[in-house]
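What follows is calculated from the coordinates using simple rules that are stated; it is not laboratory data. All figures in this text were calculated on a predicted structure; none of them were measured in a lab. Here the Cβ positions follow ideal geometry from the backbone for every residue, glycine too, while neighbour counts run over all protein chains shown.
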Amino acid sequence: MGQPTVSIIMGSDSDLPVMNQAADILGQLGVEYEIDVVSAHRTPEKMFEFASKAHERGIEAIIAGAGGAAHLPGMVAAISPLPVIGVPVKSSNSIDGWDSVLSILQMPGGVPVATVALNGAKNAGILAAQIIAVGDKKVRENIIQYKNVLREQVHEKAKKVQKK
């Protein structure tokens with residue numbers, strides 16, 4: 001396994017089933033990643049250390065998932081110079097996930113967080129890979145192949161529907 005270029009973090013291990021979707025697609029696209037639990041509320045020192053040093057360790061993009069108040073993506077974006085992709089997670093203490101969506105989406109000017117759909121970690125992984133692909137031709141080729149497969153799947157589904 002090589003040097004990770006994407007870091008996947010989440011506020012709690014209860015977010016892991018959702019955040020594993022990002023890990024799975026990054027692996028499929030050939031992007032090295034790391035994964036950890038970093039809570040903005042319960043381990044603020046760890047979060048600060050992570051966010052302030054990730055770029056020094058070779059990380060190029062951060063995927064941060066959080067439920068409930070969902071402060072993790074925004075707090076990391078406030079500290080890190082790296083692009084942060086926020087994944088709102090519908091958690092047990094969530095108000096149908098809307099609190100998480102709005103907490104991540106409504107960032108103040110100057111502190112952007114790219115936000116994907118509720119539980120949309122797969123898209124966060126694809127977006128992180130596309131960020132990496134700007135400077136990595138192999139990852140870019142893998143994304144092109146992935147999109148070609150998606151296209152072919154739609155054509156096959158259309159043929160099945162049209163026959164009925």
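Listed values, structure above:
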quantity	calculated
222 nm mean residue ellipticity, helices alone, for the chain (DSSP H n ≥ 4; -39,500 (n - 2.57); rounded to 500)	-15500 deg cm²/dmol
Charge dipole (the stretch 6-163, unit charges on Cβ, about Cα centre) - positive-most of ALA129, VAL37, SER7	ALA129
Computed magnitude of the charge dipole of the chain (debye, nearest 20; Cβ of K, R +1, Cβ of D, E -1)	940
Pairs of alpha carbons in the chain whose separation is greater than 26 Å (percent)	28
Reach of LYS46 by Cα under 16 Å, taken over aspartates and glutamates that are not fewer than 8 positions away in the same chain	ASP13, GLU34, ASP36, GLU56
Per DSSP, loop trypsin sites (Lys or Arg not before Pro) in the stretch 41-90 with at most 15 further Cβ within 10 Å	ARG42
Chain lengthening between HIS55 and ASN93 when straightened (0.36 nm per residue, less Cα-Cα)	10.5 nm
Added length on full extension, which subtracts the Cα-Cα distance from 0.36 nm per residue, HIS155 to GLN28	43.5 nm
Where N is the number of residues in the stretch 66-114, Cα Rg divided by 2.2 N^0.38 Å	1.07
